[in-house]
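Novice: Have a look at this one before I ask anything.
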Amino acid sequence: MGDGLASESDLLDMVCNHLQYLKFAEFEETVKVFEKEARRKGKPVLRSAGHSRRDSKTISIHDDFLSSFNDGDYKVFSELWAKTIPPEIRDFDPVAQKLEFYLQIHFTIYPLKSPVGSHDKGEFENRITHFKHYLETRGAALSQTTEFLPFYALPFVPNPTVHPSFQELFQDSWMPELRERLEKFLSVTLKASNTPRLLTLYVSFLCDQNKQLSIQQMQLHLTEVERKSAICMRRFTKLQADHHNLIGITAELVDSLEATVRGKMISPEYLQGVCMRLFSGHMRQSAAQSVDFTRPGTVSHCLRRILTIYVPLLPSLDYEKLKKDLVNGSDRLKALLLQALRWRLTRSLHGEQRDTVLQAFISNDLLERYSSKQKTVLNLMKSKNEIVRQYMARLINAFASLCDGRMYLSQIPSLLRFLLDSLKTEEKESVTRENVLAAMQKLSLRRAQQSAMIRDGLIGWLVKELHDSDCLSDYTLEYAISLLMNLCLRTQGKKKCAEEAKHVLIVLTELLGHENHEIRYYVNGALYSILSMPEIREEAKQMSMEEILRCYTKEENSELNRQIEFIIKQLNSVDIPELEPESDDEEDDDDDDEEDVMEADLDKEEVLQPQPKELSGESLLTTEYLGVNITLQQWSQPWSWRHPNTAHFACLLSLMHQFQVLKSTV
């Protein structure tokens, strides 16, 4: 019988949770009918019992806090604080942290506030020890705050009551003011929640599910990062071993050169042994053993082969003169310089050489992001000369192809405005507009740039352009739909799409059957992202989107079919309330982890061709704008500090010269 009553009580408690939710959702008529029938059947409704018990419990805890504060009982207060105040408030809320610090001071000096002559020195020493421990643990977070810095000396002052730094603590007004702050804090923190328990349980359940999903995603990301880290570590170890090997061989050859100068002959066997050690790391062992290094010319030939691995850096330039001519020179000179600078990036070898070129551009502020001048290099985007505008857009696109270049471009406040204006004013399918669009797609990998593009209405412009996709080249179409997909990954971007959901869905649906699979991947990504919005899903269902998608699952491409199945699941998903705040204000740019890709299209359709005897490209830069003239013998010194691999190249240059001497001796 007792078990039956207990079960009935539990069931009634569950019913009351449902009743509480009905009241919260304003189902007033349903609540009245339920209460009326419950009274008729003699069942307790418990309208406010849950709230009453909770309110009375809250009042009791509130009184216990204040009582222990008044009595200076830090043990009781500490237990209440740890048990009652949620960890997320205790550990992360600045107001709670500051209040806790002052409360610790209050309980520490409390024994000193008793009448003169009755101070309990033993109790005070115990509390000072406790305060020291607090300062070393939880209180350490505030050690750099000016407001609290003087109190870190409190444990080391023999008599704080007479010390000038702590006089405020012993004034009559200090304790009441602290108590008032405590009461305000408790009234907010311990306030009974009006959210129905049923809703709280449901949200908690969803949070747990999302946490599990996030953990799985983080584990996959961690595995990928560890894999990349292992590859980089292997490369670093090999590079380090090559470096030490070259240093050792260089030292031996210097000794041999010195011996040759003194008249001592070097045997061919010794030379072959040194060369074997030098080249064995870059040639197959059997091939290295079969090469006859004693034959004249063999060493030089092998050195030329190995020099393709250790590439020399390009000469430095006079960037001040360059920027001056880019702003004030003739249109043809501007175009030739823009072309030459782009070629320096696109035609440099991937790795150290290209990295050095890009860092030189950035460190010398080639695009003048810090300039306060009215006319800067970036203003070439508005030049009246179409070729100058085109070649400026090409250079920006080349910058945007590299991760460090995107970071540099994102720090130029006016850049996006220049690019957006160019998109809207340049002729369709012009090379200039293609490069601007490609640059913006690459910049959209960074969150801050995404937000700015969304605010400036780029999504609407893209949808309008994609509506007439038959008039667009594959290059323009691919970058446009990829850019749209990147912007649709953001919450604000999805909301923009929801404002004209039908138009967006029509445009994307028409692109589902495009023959270019790369374009279809981006279309699928954009569809999957925006269908997370309930209003867009509703519009898609009215358009019979699922039937349209099913038509494209009959193709042989299994990857595309799998993506379409995911889109259909998203289309039929149940609404899930937002559990996290809008993240568009968190402009963390650590998500730009794309690899550097310098596509061949950057140099396509070169309309600018040099006239007879006219300098262009690298010859123009190194003839008219050379920064430092470096001879072969000097290369090992000026560059040795710039990059570890440069030291290898310097060693090899020295080796080439030494081998030539040795050959003539032998």
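Novice: Do the conditions hold for residue 360, that is, is it crowded, with 22+ Cβ neighbours inside 10 Å, touching a residue at least 24 places away in the same chain (Cβ under 8 Å) and of a type in the set (Gly, Ala, Ser)? First the steps, then the outcome.
Specialist: Values: crowded, with 22+ Cβ neighbours inside 10 Å: no; touching a residue at least 24 places away in the same chain (Cβ under 8 Å): yes; of a type in the set (Gly, Ala, Ser): yes.
Spelling it out, it is not the case that residue 360 is crowded, with 22+ Cβ neighbours inside 10 Å, touching a residue at least 24 places away in the same chain (Cβ under 8 Å) and of a type in the set (Gly, Ala, Ser).
Novice: Can residue 424 be described as without any contact (Cβ under 8 Å) to a residue 60 or more places away in the chain, in contact with a Phe, Trp or Tyr (Cβ under 9 Å, 6 or more places away or on another chain) and within 27 Å of residue 605 (Cα to Cα)?
Specialist: Values: without any contact (Cβ under 8 Å) to a residue 60 or more places away in the chain: yes; in contact with a Phe, Trp or Tyr (Cβ under 9 Å, 6 or more places away or on another chain): yes; within 27 Å of residue 605 (Cα to Cα): yes.
It is true that residue 424 is without any contact (Cβ under 8 Å) to a residue 60 or more places away in the chain, in contact with a Phe, Trp or Tyr (Cβ under 9 Å, 6 or more places away or on another chain) and within 27 Å of residue 605 (Cα to Cα).
Novice: Please go through (1) at pLDDT 85 or above; (2) surrounded by 18 or more Cβ atoms within 10 Å (Cβ to Cβ) for residue 142 and return the number of the only condition it doesn't satisfy.
Specialist: For residue 142, the exception is condition (1).
Novice: So residue 172 clears everything in (1) modelled with pLDDT of 85 or more; (2) surrounded by 11 or more Cβ atoms within 10 Å (Cβ to Cβ); (3) of a type outside the set (Gly, Ala, Ser); (4) not in a helix (DSSP H, G or I) except one condition, right? Which one?
Specialist: Looking at each condition in turn, residue 172 falls short on (2).
Novice: Another question, if that's okay. Might you let me know whether region 89-106 holds any residue that is modelled with pLDDT under 85, in a helix (DSSP H, G or I), in the same structural domain as residue 170 (by TED's automatic domain parsing) and of a type in the set (Asp, Glu)?
Specialist: Yes; the residues of region 89-106 include at least one that is modelled with pLDDT under 85, in a helix (DSSP H, G or I), in the same structural domain as residue 170 (by TED's automatic domain parsing) and of a type in the set (Asp, Glu).
Novice: Identify the residue in region 488-522 that is assigned to a helix (DSSP H, G or I), under 18 Å from residue 564 (Cβ atoms) and among the charged types (D, E, K, R) and, among all such residues, is farthest from the chain's Cα centre (by Cα).
Specialist: 510
Novice: Of all residues being in contact with a helix residue (DSSP H, G or I) (Cβ under 7 Å, 6 or more places away or on another chain) and at pLDDT 85 or above in region 360-375, which is farthest from residue 431 (Cα to Cα)? Just the residue, please. Walk me through how you get there before you give the answer.
Specialist: Here is the first cut: in region 360-375, the residues in contact with a helix residue (DSSP H, G or I) (Cβ under 7 Å, 6 or more places away or on another chain) are 362, 364, 366-368, 375.
From what's left, at pLDDT 85 or above: 362, 364, 366-367.
Details: 362: 25, 364: 28, 366: 23, 367: 21 Å.
Result: 364.
Novice: Residue 544 - would you say it is surrounded by fewer than 21 Cβ atoms within 10 Å (Cβ to Cβ), over 27 Å from residue 599 (Cα atoms) and not β-branched (Val, Ile, Thr)?
Specialist: Details: surrounded by fewer than 21 Cβ atoms within 10 Å (Cβ to Cβ): yes; over 27 Å from residue 599 (Cα atoms): yes; not β-branched (Val, Ile, Thr): yes.
Judged against the criteria, residue 544 is a match.
Novice: Identify all residues within region 604-651 that are in a helix (DSSP H, G or I) and at pLDDT below 80; write none if there are none. Before you say what the answer is, go through the steps one by one.
Specialist: As a first pass, look at region 604-651 and keep what is in a helix (DSSP H, G or I): 617-624, 632-634, 644-651.
Listed by number, the residues that qualify are 632, 633, 634, 644, 645, 646, 647, 648, 649, 650, 651.
Novice: Please report, ordered by residue number, the helices (runs of 4 or more DSSP H) entirely within region 389-487 with at least 1 residues that are under 22 Å from residue 521 (Cα atoms).
Specialist: Values: elements: 403-410, 415-425, 431-443, 447-455, 458-467.
Output list reads 431-443, 447-455, 458-467.
Novice: In region 345-360, what count of residues is obtained for those that are more than 14 Å from residue 404 (Cα to Cα) and assigned to a helix (DSSP H, G or I)?
Specialist: 2
Novice: Just the residues that are surrounded by fewer than 20 Cβ atoms within 10 Å (Cβ to Cβ) and within 18 Å of residue 489 (Cα to Cα), please, taken from region 419-446. So that I can check it myself, show each step before the final result.
Specialist: Residues of region 419-446 that are surrounded by fewer than 20 Cβ atoms within 10 Å (Cβ to Cβ), as a first pass: 420-421, 423-425, 427-430, 445.
The one that is surrounded by fewer than 20 Cβ atoms within 10 Å (Cβ to Cβ) and within 18 Å of residue 489 (Cα to Cα): 445.
Novice: Restricting the search to region 464-490, which residues are exposed (fewer than 15 other Cβ atoms within 10 Å of the Cβ) and either in contact with a Gly (Cβ under 6 Å, 6 or more places away or on another chain) or of a type in the set (S, T, N, Q) (or both)?
Specialist: Within region 464-490, just 473 meets the criteria.
Novice: Let me ask something additional. Any residue that is closer than 26 Å to residue 172 by Cβ, within 41 Å of the chain's Cα centre (by Cα) and surrounded by fewer than 17 Cβ atoms within 10 Å (Cβ to Cβ) - is there at least one of those in region 84-100?
Specialist: yes
The values are calculated or read from the model by the stated rules, or taken from the named source; none is laboratory data. Keep in mind the model is a prediction, meaning the values are calculated, not measured. Because the Cβ atoms are built from the backbone with ideal geometry, glycine has one as well, and the counts that use them run over all protein chains shown.
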